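For reference, the structure is listed below as structure tokens.
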Amino acid sequence: MSDVVAIGAMSTLREAGWEPGRDIGVAGFDDIPTADDVTPALTTVRVPLEDVGYRALRVALGDDAAGAVPLELTVVVRASTPEVR
């Protein structure tokens with residue numbers, strides 16, 4: 001949901017006269033396929049959704065330890081965040 005909100009925010013920022021990736025940085029969370037298709041491409045945090053689903057199922061079946069292992073998240077930097085100078 002966060003990438004969807006971030007993409008909507010980029011549209012609203014453009015309407016207000018700001019250019020995402022140049023004037024202001026925008027980032028999301030989840031790395032949905034659309035994140036790479038919008039302009040500018042959205043910086044995001046990639047979440048291993050298959051692993052999340054697998055762990056949720058294991059926890060639902062009573063394996064409480066399955067939810068205790070940290071997920072491996074990856075920051076995917078794309079054009080929606082300006083370069084740091």
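The values are calculated or read from the model by the stated rules, or taken from the named source; none is laboratory data. Because the structure is a prediction, the values reported are computed rather than measured. Quick reminder, even Gly has a Cβ in these numbers, built from the backbone with ideal geometry, and neighbours come from all protein chains shown. What goes into the accessible areas is simple: the full protein's heavy atoms, side chains included, and nothing from ligands, DNA or RNA. Shrake-Rupley method; radii C 1.70, N 1.55, O 1.52, S 1.80 Å.
Quick notes on this structure:
- When we screen A79, A6, A27, A66 for residues that are free of Cβ contacts under 8 Å to residues at least 60 places away in the same chain, out of contact with any helix residue (DSSP H, G or I) (no Cβ under 7 Å at 6 or more places or on another chain), at negative phi and among the aliphatic types (A, V, I, L, M), the only hit is A79.
- When V52 is tested against (1) open to solvent by 70 Å² or more (accessible area, probe 1.4 Å); (2) of a type in the set (V, I, T); (3) assigned to a helix (DSSP H, G or I), exactly one condition is not met: (1).
- The residues of the stretch 40-63 that are charged (D, E, K, R) and touching a helix residue (DSSP H, G or I) at 6+ places or on another chain (Cβ under 7 Å), listed by number, are R55, R58.
- Hey, R78 among the basic types (K, R) and within 28 Å of I7 (Cα to Cα) or not: yes
So that you can scan it fast, the table gives a plain yes or no per residue for (1) in a helix (DSSP H, G or I); (2) at pLDDT 90 or above; (3) open to solvent by less than 50 Å² (accessible area, probe 1.4 Å):
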| site | (1), (2), (3) |
| --- | --- |
| V4 | yes, yes, no |
| P40 | no, yes, yes |
| T44 | no, yes, yes |
| A56 | yes, yes, no |
| G62 | no, yes, no |
| A79 | no, yes, no |
| V84 | no, no, no |
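- The stretch 27-38, subset of a type in the set (A, V, I, L, M, F, W, C) and under 10 Å from the mean Cα position of the chain (by Cα), residue least open to solvent (accessible area, probe 1.4 Å): A35
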